[in-house]
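K.L.:
Right, I'll just put the structure down here and ask away after.
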Amino acid sequence: MVSVECELLSNEEDAPGHYVMALAAPEIAAEAQPGQFVHLRTPRTFDPLLRRPFSIMLADKVHGHLRLLAQVVGRGTEILVNTPVGAKLEVLGPLGTGFPLPTGDGDVLMVAGGVGVAPLISLADALRGFEHPAYIRGLFGAADEDMLVCWIEFAGRCDEFYVTTEDGSAGERGLITEALAQQLDRGQAAVAYTCGPVAMMAAVAQMCGDADVPCYCSLEQRMGCGIGACLGCVIAAADGGYLRVCKDGPVFATDRLDWEAILSDQQ
Ligand SMILES: Cc1cc2nc3c(=O)[nH]c(=O)nc-3n(C[C@H](O)[C@H](O)[C@H](O)COP(=O)(O)OP(=O)(O)OC[C@H]3O[C@@H](n4cnc5c(N)ncnc54)[C@H](O)[C@@H]3O)c2cc1C
Ligand code: FES
């Protein structure tokens with residue numbers, strides 16, 4: 001893990017309010033594992049003071065570039081996406097515990113919701129690099145067509161790809177969990193990975209548990225230090241204890257989590 005000033009190489013709007021940013025960060029790209037994140041701050045300003053966490057969507061180890069997907073939700077992300085190309089960002093990373101890679105045979109299910117597609121693209125990219133790449137069935141759900149951010153990058157790394165939108169503007173009308181039910185019914189899934197809204201991940205966890213398919217999720221949580229020291233990011237564990245999203249996660253086996261407590265914290 002290093003803290004470095006990185007040049008912003010490009011910054012393009014992929015969907016309304018969603019930007020794909022490329023950074024020159026060779027030290028971080030070299031070490032990054034799928035599911036890890038970086039903690040970003042715009043330098044030479046203390047507004048806002050705290051860093052902001054973002055999943056590494058792609059780590060290009062050859063050219064030393066990182067690609068991130070940022071959705072504008074508040075002041076920090078507004079400042080970030082308005083940073084001009086060529087400016088420097090302070091980047092701490094790679095941080096956290098990423099996805100365990102699948103072992104053995106069987107298909108890999110990936111279930112993405114909205115901006116949660118970012119860490120799954122890095123995972124799919126890593127699995128493509130295997131000598132015997134896993135067979136990936138990708139599922140992507142969003143409210144409408146516009147919110148299918150970076151779907152081309154995701155679909156291009158999957159062997160099969162399914163889309164649902166709540167308004168039916170792309171793919172099947174409905175929720176991605178309906179598509180997941182069909183995929184679980186087919187059998188042959190060795191493992192599932194998911195990232196998206198908490199309610200979606202809780203449902204995916206439940207369905208995969210019922211189908212006896214091991215499942216891993218990438219969680220988002222407000223963060224302070226990002227390195228396990230401040231306990232600002234803890235969530236409830238199934239054994240009654242707590243887990244730090246920044247250090248023990250952001251990726252967790254879904255059966256380690258107390259979903260009822262996590263869902264009620266969101267309200
Ligand atoms: C490990 C990790 C990976 C993430 N990856 C991505 C990513 O790839 N792309 C992306 O767009 N966002 C990602 N996020 C969420 C992103 O960090 C927040 O959206 C961002 O910090 C909000 O900052 P803000 O100042 O714009 O929002 P604020 O003004 O601070 O808050 C605006 C709203 O966003 C919520 N929020 C703030 N911080 C977080 C947070 N850390 N997690 C969830 N909700 C938050 C607040 O509760 C509030 O409702 C990730 C978060 C984590 C923890
Ligand atoms: S953000 Fe400080 S412990 Fe996780």
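The values are calculated or read from the model by the stated rules, or taken from the named source; none is laboratory data. What you see is a predicted model, and the numbers here were worked out from it, not measured in a lab. When we count neighbours, we look across all protein chains shown, and the Cβ atoms used for this are built from the backbone with ideal geometry, even at glycine. In case anyone asks, the SASA skips ligands and DNA or RNA and just uses the protein heavy atoms, side chains included. Shrake-Rupley method; radii C 1.70, N 1.55, O 1.52, S 1.80 Å.
K.L.:
Is there a residue being more than 22 Å from N11 (Cα to Cα), acidic (D, E) and more than 18 Å from the chain's Cα centre (by Cα) anywhere in segment 107-116?
P.N.:
yes
K.L.:
Please count how many residues of segment 129-142 are in contact with a Gly (Cβ under 9 Å, 6 or more places away or on another chain) and open to solvent by 50 Å² or more (accessible area, probe 1.4 Å).
P.N.:
We begin by selecting, within segment 129-142, every residue in contact with a Gly (Cβ under 9 Å, 6 or more places away or on another chain); these are 134-135, 140-142.
Applying the additional criterion that residues be open to solvent by 50 Å² or more (accessible area, probe 1.4 Å) yields 135.
So the count comes out to 1.
The rows are residues; the columns are (1) touching a helix residue (DSSP H, G or I) at 6+ places or on another chain (Cβ under 9 Å); (2) of a type outside the set (S, T, N, Q); (3) assigned by TED's automatic domain parsing to the domain that holds A203.
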| residue | (1), (2), (3) |
| --- | --- |
| G226 | no, yes, no |
| A229 | no, yes, no |
| C233 | no, yes, no |
| D239 | yes, yes, no |
| R244 | no, yes, no |
| K247 | no, yes, no |
| P250 | yes, yes, no |
| T254 | yes, no, no |
| L257 | yes, yes, no |
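K.L.:
Moving to a separate point now. State whether one or more residues within segment 186-208 are within 16 Å of ligand 2 (Cβ to nearest atom) and open to solvent by 70 Å² or more (accessible area, probe 1.4 Å). Break it down stepwise before answering.
P.N.:
Filtering segment 186-208 for residues within 16 Å of ligand 2 (Cβ to nearest atom) gives none.
Within segment 186-208, none of the residues are within 16 Å of ligand 2 (Cβ to nearest atom) and open to solvent by 70 Å² or more (accessible area, probe 1.4 Å).
K.L.:
Quick check on segment 185-193. Is at least one of its residues at positive phi and assigned by TED's automatic domain parsing to the domain that holds S122?
P.N.:
Of all residues in segment 185-193, those at positive phi come to 187-188.
Narrowing further to those that are assigned by TED's automatic domain parsing to the domain that holds S122: 187-188.
Within segment 185-193 (the criterion being at positive phi and assigned by TED's automatic domain parsing to the domain that holds S122), the answer is yes, since at least one residue qualifies.
K.L.:
Report the residue count in segment 86-128 for those that are surrounded by fewer than 17 Cβ atoms within 10 Å (Cβ to Cβ) and aliphatic (A, V, I, L, M).
P.N.:
Counting residues in segment 86-128 that are surrounded by fewer than 17 Cβ atoms within 10 Å (Cβ to Cβ) and aliphatic (A, V, I, L, M) gives 2.
K.L.:
Does any residue of segment 165-173 turn out to be surrounded by 20 or more Cβ atoms within 10 Å (Cβ to Cβ) and within 24 Å of Y135 (Cβ to Cβ)? So that I can check it myself, show each step before the final result.
P.N.:
Looking only at segment 165-173, we keep the residues that are surrounded by 20 or more Cβ atoms within 10 Å (Cβ to Cβ), and these are 165, 171.
Now drop any that are not within 24 Å of Y135 (Cβ to Cβ), which leaves 171.
Yes, because at least one residue in segment 165-173 is surrounded by 20 or more Cβ atoms within 10 Å (Cβ to Cβ) and within 24 Å of Y135 (Cβ to Cβ).
K.L.:
Looking only at strands (runs of 3 or more DSSP E) that lie completely in segment 45-132, which have at least 2 residues being within 16 Å of ligand 2 (Cβ to nearest atom) and at pLDDT 95 or above? Walk me through it before giving the result.
P.N.:
Values: elements: 52-55, 58-60, 65-71, 88-95, 107-113.
Result: 52-55, 88-95.
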